[in-house]
Amino acid sequence: MKKTSSAGLIAGVMLVGLTSACNQSSDTSKTTADQTAAADSTQSSANASAMKPTSSSFGKTQDGTEVQLFTLTNAHGMKATITNYGGTVTSLLVPDKNGKLGDVVLGFDNVSGYQSPAFLKSGPYFGALIGRYGNRIKAGKFTVDGKAYTLAKNNGPNSLHGGRKGFDKVVWKAEPGSSAEGQTLKLTYVSKDGEEGYPGNLNVTVVYTLTDQDELKIDYSATTDKVTPVNLTNHSYFNLNHGQGKDILGHEVTIPADRYTVVDATLIPTGELRPVKGTPFDFTTPHAIGERIAQVPGGYDHNWVLNNASGMHAAASVYDPASGRTMDVTTTEPGVQFYTGNFLDGTLTGKGGTVYGKHAGFCLETQHFPDSPNQTKFPSTLLKPGDTLHSTTVYKFGVRK
């Protein structure tokens, strides 16, 4: 786990923008008008960035708690809506090659969608913040300093994404704001000692920023009073041609990783870091998701070991030929879980009546490796008292015409 002087992991995400120029004219009055309009436009853009996100009701949880939906807007009209229930990204409006805004993430129009029996049974974690431990821990067990800890087994024989009530199912304290980069939403949560079986009181802060560079940036930080494993991520499902009833098999993906973590039948790493060369896991050059997915039993749901994993580095690039949209992912994390919506089966209906069938979306979950608490050769996910976890991931959007 990466740490800084009293510090460790952060996850973040960012988005990119446009500038305009005014036309020159020999007509002095027209030139002045154009300059005034351009200045007003620039000022308007600056004001949009300086303003705080707006909020509205997103409904009530099953225990009657009112939750909010926050709308972040950048200078180019991009919008991200995020609820403090689970820190969930519910929509992300991004322009296509024709300049038309479209929603590129899967989700629901109300908090009830994230609490329905069908959603809870299938467990896709649409758009949610994941913790304390993103991904799987073998047999729901780990040992720290000689003491054994037992977690809920909520994914076959293993523990997944923090347990039965992970960070995706709690109401976070929300603080909308702004920064030099754009509008922000700061979310905080205290995970009590023993929650879901994990040791230590964990203080977690996550800041979403929608930048004027058309990036959705996510910064994670955490501190603890006992040694505990921590692996934070976001579980958004992307479809860059979303809303058209299309799957993601035509999206072209690049992942700068020469190795991936081989897994057993329950998706727990065996410890082997296998070269991708000559396999359907080789995305070092662009490949359509559907090109070789049939060669991977069950579809892609694996952790790639990122090359040059120091500082902010590339995690993935995606291009959708149909819409022209692109998405580039950078992170401070050593791995990325590429998941292709293999378990979506059409039982969930989301925003605008869209039915989410198999491969309706894909995930790029930046992370430390699965089951790291039980794998001594993997980068450590242990956070110690006195240290601060820091991690950043940026999702940057653009178009290719």
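The values are calculated or read from the model by the stated rules, or taken from the named source; none is laboratory data. Worth saying up front: this structure is predicted, and the values here are computed from it rather than measured. Cβ: placed from backbone, ideal geometry, glycine included. Neighbour counts: every protein chain shown. Only protein heavy atoms, including side chains, enter the accessible area calculation; ligands, DNA and RNA are left aside. Shrake-Rupley method; radii C 1.70, N 1.55, O 1.52, S 1.80 Å.
The distance from the alpha carbon centre of region 58-137 to that of region 182-250 is 11 Å, rounded to a whole number.
Each Lys or Arg adds one and each Asp or Glu takes one away; over the other residues whose Cβ falls under 12 Å from the Cβ of Val253, this sums to -4.
Contact order normalised by length for the chain, with contacts defined as Cα pairs under 8 Å and 6 or more residues apart; what percent is it?
Numbers: 1119 pairs, mean separation 91.9, N = 401.
Averaging sequence separation for qualifying contacts and normalising by length gives 23 percent for the chain.
Select one label from (1) 23.8; (2) 21.0; (3) 21.6: the one whose number is Kirkwood radius over Cα pairs in Å as derived from the coordinates shown. Matching entry in (1) 23.8; (2) 21.0; (3) 21.6: (3).
In the chain, the calculated helix contribution to ellipticity at 222 nm averages -2500 deg cm²/dmol per residue, counting -39,500 (n - 2.57) for every DSSP H run with n ≥ 4.
From the Cα gyration tensor of region 103-205, with a ≥ b ≥ c the square roots of its eigenvalues, which class applies: rounded if a/c is under 1.5, or else prolate if a/b is larger than b/c, or else oblate? Don't skip to the answer; put the middle values down first.
Values: a/c = 2.44, a/b = 1.34, b/c = 1.82.
Oblate, since a/c reaches 1.5 and b/c is not below a/b.
Given Lys186/Lys226; Lys79/Lys186; Lys246/Lys358; Lys79/Lys351, which pairs have Cα atoms separated by over 18 Å? Beyond 18 Å: Lys186/Lys226.
Considering only Thr188, Pro176, His161, and ranking their Cα positions along the charge dipole of region 155-194 that arises from unit charges at the beta-carbon of Lys, Arg, Asp and Glu, the one farthest toward the positive end is His161.
The local environment of His235, defined by Cβ-Cβ distances under 9 Å, has a net charge of -2 under the rule Lys, Arg +1 and Asp, Glu -1.
Counting Lys +1, Arg +1, Asp -1, Glu -1, what net charge surrounds Ala360 among other residues with beta carbon under 14 Å of its beta carbon?
Spelling it out: positives minus negatives among the neighbours equals -1.
Counting only protein heavy atoms and a 1.4 Å probe, the chain has 41 square angstrom of accessible area per residue.
Using a cut-off of under 12 Å, list every residue of region 267-302 whose amide N is near the label point 7 Å from the Cα of Lys377 along the Cα-to-beta-carbon line. So the set is 270-275.
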